[in-house]
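Worksheet: the structure to be examined is printed underneath.
The values are calculated or read from the model by the stated rules, or taken from the named source; none is laboratory data. Predicted model, so just to flag it, every value in this text is computed and none were measured. Cβ coordinates were reconstructed from backbone atoms using ideal geometry, including for glycine residues, and neighbour counts include every protein chain displayed.
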Amino acid sequence: MTSQDILRLDAITKRYTPHGPPAVDGVSLGLCQGEILALLGPSGCGKTTLLRLIAGFEHPDQGTIYLGQQPVCGPCWIPPERRDVGIVFQDYALFPHLTVEKNVAFGLQSLVRLGSLNPKQVQAQTQESIALVGLTGFETRFPHELSGGQQQRVALARALAPRPTIILLDEPFSNLDVQVRIHLRQEVRDVLKQVNASGVFVTHDQEEALAMADQVAVMRQGRLEQWGSPEMVYTAPASRFIASFVTQANFLPARRTPQGWETELGTLTQVIQADGLPPADTLAQGEVMIRQEDLALQAVDQGLLHVKSRQFLGREYNYCLATPSGHTLHARLPISQVIPVGGQVNPVIPPHPLWIYPSPAPEA
């Protein structure tokens, strides 16, 4: 643990049943002051359980969690109310009978009882937090008089008001429509950066994690599959699962030959293996990853690929393609390049190195 770490998890494990698989399985990671961490993964992977462990709503079976340099579980137990964390719930959890101002001030009342704040300081920190999220002038409104995005801002202001060590957000944008979600996630990031607050948020949205976080922790079946910057996770996926879940890439079966990796689309020579896995030259066969945006297409009369369908996505088209063997590939092309459904194309494989992964084991 370094002096800069605001959060550190050491081998955290949590089971809900004695003999069942762990919901969180030996997770270790850290977060520096002022950074935002995304816990990313499919439903049931353990990311919300991990957030609840950090908050103190669950007891781990093994491992230690540190906030700052202070252990809060493991050799000791610090209850949630004493962990100095702010929490923004998925459903906002605002009090419907309280105004915006009173909702935000609610979390400060315990500090008044402890003698840490006086009423004037409560008023000042409440107003400061409301202004920080852009809701000045809304102090006397009730939650039902606000939009979903405004309610989320109130929840964030309430979490920020006590000036906690870290902010925890549980899928904070999942109840909002797309445009509000995109706008608000940038606002939340800007607010946290403005006050140099550290944050951990749970999401199953890959784009949201990559856009908002400084660090991304990808989870699967309770385990931490990869942890690093958004650029690292996207460009150098440590496993086939991450390559599929985060980048939504294509996978092309390949066989190693003296000339390179032979596929039904041609022989590829620039192939590398993900870190932590056996070198590519030790594999006899595998699957080459080709990102959708890296696969270019050339319309021809007789081509290797058949265009099965085309989706208009606004800025681009997504083409669904069939290989001679029946594999499905996807390519994203600018709307200036229109290829008719039913047409034939040849793939243009990018010249830069491609990642290869061992072929997945057949399902039982």
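If you check Ile335, Ile349, which single one turns out to be within 26 Å of Phe245 (Cβ to Cβ), out of contact with any helix residue (DSSP H, G or I) (no Cβ under 6 Å at 6 or more places or on another chain) and modelled with pLDDT under 95?
Values: Ile335 fails: within 26 Å of Phe245 (Cβ to Cβ).
Criteria check complete, one pass: Ile349.
Residues that are of a type in the set (Gly, Ala, Ser), modelled with pLDDT of 95 or more and in contact with a strand residue (DSSP E or B) (Cβ under 9 Å, 6 or more places away or on another chain): list the strands (runs of 3 or more DSSP E) wholly contained in the stretch 19-102 that include at least 2 such residues.
On the way: elements: 24-32, 36-40, 62-67, 70-73, 85-88.
In the stretch 19-102, the matching strands (runs of 3 or more DSSP E) lie at 24-32.
What are the residues in the stretch 192-212 that are touching a helix residue (DSSP H, G or I) at 6+ places or on another chain (Cβ under 6 Å), over 19 Å from Thr49 (Cα atoms) and crowded, with 21+ Cβ neighbours inside 10 Å, if any? Within the stretch 192-212, just Met212 meets the criteria. The condition (being within 25 Å of Pro253 (Cβ to Cβ) and not in a loop (DSSP other than H, G, I, E, B)) is satisfied by just one residue among Ser309, Ser325: Ser309.
Might you let me know whether the stretch 231-241 holds any residue that is surrounded by 18 or more Cβ atoms within 10 Å (Cβ to Cβ), within 12 Å of the chain's Cα centre (by Cα) and assigned to a loop (DSSP other than H, G, I, E, B)? Taking every residue of the stretch 231-241 in turn, none turns out to be surrounded by 18 or more Cβ atoms within 10 Å (Cβ to Cβ), within 12 Å of the chain's Cα centre (by Cα) and assigned to a loop (DSSP other than H, G, I, E, B). Does Gln186 qualify as being out of contact with any strand residue (DSSP E or B) (no Cβ under 7 Å at 6 or more places or on another chain), among the polar types (S, T, N, Q), at pLDDT below 95 and surrounded by fewer than 20 Cβ atoms within 10 Å (Cβ to Cβ)? In short, yes.
Output yes when any residue across the stretch 73-80 is small (Gly, Ala, Ser), surrounded by 14 or more Cβ atoms within 10 Å (Cβ to Cβ) and on the phi > 0 side of the Ramachandran plot, and no when none is. Yes, there is a match, as at least one residue in the stretch 73-80 is small (Gly, Ala, Ser), surrounded by 14 or more Cβ atoms within 10 Å (Cβ to Cβ) and on the phi > 0 side of the Ramachandran plot. Each residue in the stretch 109-126 was checked for being in contact (Cβ under 8 Å) with a residue 24 or more places away in the chain and surrounded by 15 or more Cβ atoms within 10 Å (Cβ to Cβ), and 3 of them qualify.
The sole residue among Val246, Val300 that is among the β-branched types (Val, Ile, Thr) and crowded, with 18+ Cβ neighbours inside 10 Å is Val246. Candidates are the residues of the stretch 7-46 that are hydrophobic (A, V, I, L, M, F, W, C) and touching a Gly at 6+ places or on another chain (Cβ under 6 Å); the one that is surrounded by the most Cβ atoms within 10 Å (Cβ to Cβ) is Val24.
A single entry from Leu265, Leu210, Leu252 fulfils the requirement of being modelled with pLDDT of 90 or more, outside the structural domain of Ser147 (by TED's automatic domain parsing) and touching a Pro at 6+ places or on another chain (Cβ under 7 Å): Leu265.
Entry remark, the stretch 282-302: residues being closer than 21 Å to Arg255 by Cβ and assigned to a loop (DSSP other than H, G, I, E, B) number 3 in total. Annotation for the stretch 128-151: no member residue is closer than 26 Å to Gly44 by Cα, polar (S, T, N, Q), modelled with pLDDT of 95 or more and in the same structural domain as Gly86 (by TED's automatic domain parsing).
Output the residue which, of all residues in the stretch 333-360 that are more than 29 Å from the chain's Cα centre (by Cα) and part of a strand (DSSP E or B), is farthest from Ala238 (Cα to Cα). Don't jump to the end; show me each part of the working.
Here is the first cut: in the stretch 333-360, the residues more than 29 Å from the chain's Cα centre (by Cα) are 336-348, 351.
After this cut, where a residue has to be part of a strand (DSSP E or B) as well, the list is 344-348.
On the way: Gln344: 34, Val345: 31, Asn346: 29, Pro347: 26, Val348: 25 Å.
This residue is Gln344.
For Thr247, the conditions (1) under 25 Å from Thr49 (Cα atoms); (2) in a helix (DSSP H, G or I) are fulfilled apart from (2). Taking the criterion of being of a type outside the set (Lys, Arg), assigned to a helix (DSSP H, G or I) and more than 20 Å from the chain's Cα centre (by Cα), the residues of the stretch 154-185 that qualify are Val154, Ala155, Ala157, Ala159, Leu160. Quick check on my filter: what residues within the stretch 1-18 are within 17 Å of Gly68 (Cα to Cα) and part of a loop (DSSP other than H, G, I, E, B)? Matches in the stretch 1-18: Met1, Thr2, Ser3, Gln4.
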